[in-house]
Amino acid sequence: MAPAHPFEAAVALQPQGEGVWRGRTSPAYANMIGPYGGITAAQCLQSVLGHPERLGDPIAFTVNFAAAIADGEFLLRPRPARTNRSTQHWIVEMVQDGRLVATATAVTATRRETWSGHEARMPEAPRPEDVPRALRRGVEWIRRYEMRFVEGAFPQQWDGELREGSLSRLWVRDDPPRPLDFASLTAIADVFFPRVWLRRAKPTPIGTVSMTVYYHADAAQLAATGAGHLLLQAQGQGFGGGYFDHGGQLWDEAGALLATTHQVVYYKE
């Protein structure tokens, strides 16, 4: 039997009675301190995706990082706070050693046929095979993704020079490649390096406070994307008072807008 993909192993949850799931952090997605935020987000969403009462697919998801997450086991407590005819509202708590470390909310829904017309347009970019792959160096989670930067890569030198902007555009997919799903799309939405690092080229301490993903694709569209590359773009918006935010978009190779994302991040001088 082939070993589980690192992502599938990381988001595997075990039922612990009604409304409770047990999981554990994954060394394959380790960050500088604790786990990669994207995998924590995916684990929280997975507890909703695996719930027997779930209605439809995710259309919105927010995770709030309340405290540092230590290596080891955790409990997830998802519950449907309200179920309507076509939408369902979820609240998720992540608890570790009796301490709340993250909260999340999700909205799932049954989609229907309607007019559609996205205003966000996929930017022009070379094909992924024409863009060199970034070196897999640094913290462990970076090795779980194939990243090909069109622009806005990680600073090559910490020279402290202020840059004009923080736009990044890159092709990304899981490494090794695997078919896309809602949980892995959520994790990929967090691959953007901190915008304050790109603006200042200075190793500023940071920590994501809150991350939101809006899903513009249904499960069939994600299945059609398969193990292909996604084109991601993100840019910072406001910096000051110890916090900054960024907005981002994720497209598949065919040009379909799969998701948009937003984050607010703490930083320290």
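Residues are listed down the side, and each one gets a yes or a no for (1) more than 24 Å from Ile142 (Cα to Cα); (2) touching a strand residue (DSSP E or B) at 6+ places or on another chain (Cβ under 9 Å):
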site	(1), (2)
Ala10	no, yes
Gly19	yes, yes
Ser26	no, yes
Ala30	no, no
Thr40	no, yes
Gln43	no, yes
Thr62	no, yes
Ala81	yes, yes
Glu93	yes, yes
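Check whether at least one residue in region 23-33 is of a type outside the set (Phe, Trp, Tyr), under 22 Å from Ala227 (Cα atoms) and part of a helix (DSSP H, G or I), and report yes or no.
yes
Please indicate, with yes or no, whether at least one residue in region 135-143 is more than 26 Å from Lys202 (Cβ to Cβ), modelled with pLDDT of 95 or more and in contact with a helix residue (DSSP H, G or I) (Cβ under 6 Å, 6 or more places away or on another chain). Spell out the reasoning first.
Just the residues of region 135-143 that are more than 26 Å from Lys202 (Cβ to Cβ), to begin with: none.
The answer is no; no qualifying residue exists.
Within region 130-165, how many residues turn out to be under 28 Å from Ala28 (Cβ atoms) and among the small types (Gly, Ala, Ser)?
The number of residues fulfilling the criteria is 4.
All but one of (1) in contact (Cβ under 8 Å) with a residue 60 or more places away in the chain; (2) over 21 Å from Thr212 (Cα atoms); (3) surrounded by fewer than 18 Cβ atoms within 10 Å (Cβ to Cβ) hold for Arg148, so report the exception by its number.
If we test Arg148 against (1) in contact (Cβ under 8 Å) with a residue 60 or more places away in the chain; (2) over 21 Å from Thr212 (Cα atoms); (3) surrounded by fewer than 18 Cβ atoms within 10 Å (Cβ to Cβ), just (3) comes out false.
Name the residues in region 236-259 that are surrounded by 18 or more Cβ atoms within 10 Å (Cβ to Cβ) and either more than 25 Å from Val131 (Cβ to Cβ) or polar (S, T, N, Q) (or both), would you?
Selection gives Phe244, Gln249.
Among the residues of region 206-241, what is the count of those that are closer than 16 Å to Asp252 by Cα and polar (S, T, N, Q)?
3
Which condition from (1) within 18 Å of the chain's Cα centre (by Cα); (2) over 22 Å from Val191 (Cα atoms); (3) not basic (Lys, Arg) is the one that Gly37 breaks?
Exception for Gly37: condition (2).
Here is a check on your reading of the model: is Gly240 out of contact with any helix residue (DSSP H, G or I) (no Cβ under 9 Å at 6 or more places or on another chain) and within 21 Å of Ala104 (Cα to Cα)?
On the way: out of contact with any helix residue (DSSP H, G or I) (no Cβ under 9 Å at 6 or more places or on another chain): yes; within 21 Å of Ala104 (Cα to Cα): no.
So Gly240 fails the test.
Among Asp97, Asp57, which is the only one that is among the acidic types (Asp, Glu), farther than 25 Å from Asp245 by Cα and in contact (Cβ under 8 Å) with a residue 40 or more places away in the chain?
On the way: Asp97 fails: in contact (Cβ under 8 Å) with a residue 40 or more places away in the chain.
Being among the acidic types (Asp, Glu), farther than 25 Å from Asp245 by Cα and in contact (Cβ under 8 Å) with a residue 40 or more places away in the chain holds for just one of Asp97, Asp57, which is Asp57.
Would you point out the residue of region 4-34, among those that are closer than 25 Å to Val265 by Cα, free of Cβ contacts under 8 Å to residues at least 40 places away in the same chain and touching a helix residue (DSSP H, G or I) at 6+ places or on another chain (Cβ under 8 Å), that is surrounded by the fewest Cβ atoms within 10 Å (Cβ to Cβ)? Spell out the reasoning first.
If we filter region 4-34 for residues that are closer than 25 Å to Val265 by Cα, which is where we start, we get 7, 10-11, 24-34.
Then drop every residue that is not free of Cβ contacts under 8 Å to residues at least 40 places away in the same chain, which leaves 10, 26, 33-34.
Right, trim to touching a helix residue (DSSP H, G or I) at 6+ places or on another chain (Cβ under 8 Å) and you get 10, 26.
Working: Ala10: 26, Ser26: 21.
So the residue we want is Ser26.
Within region 161-178, can you find the residues that are assigned to a loop (DSSP other than H, G, I, E, B) and touching a helix residue (DSSP H, G or I) at 6+ places or on another chain (Cβ under 7 Å)?
Matches in region 161-178: Leu162, Arg163, Ser166, Asp175, Arg178.
Output the strands (runs of 3 or more DSSP E) that fall wholly within region 68-137 and possess 2 or more residues being surrounded by 15 or more Cβ atoms within 10 Å (Cβ to Cβ) and touching a Cys at 6+ places or on another chain (Cβ under 7 Å), or say none. So that I can check it myself, show each step before the final result.
Numbers: elements: 73-83, 87-96, 99-109.
Counting at least 2 such residues, we get 87-96, 99-109.
The values are calculated or read from the model by the stated rules, or taken from the named source; none is laboratory data. On a predicted model such as this, the values are computed, not experimentally measured, just so you know. Here Cβ is always computed from backbone atoms with ideal geometry, including for glycine, and neighbour counts include all displayed protein chains.
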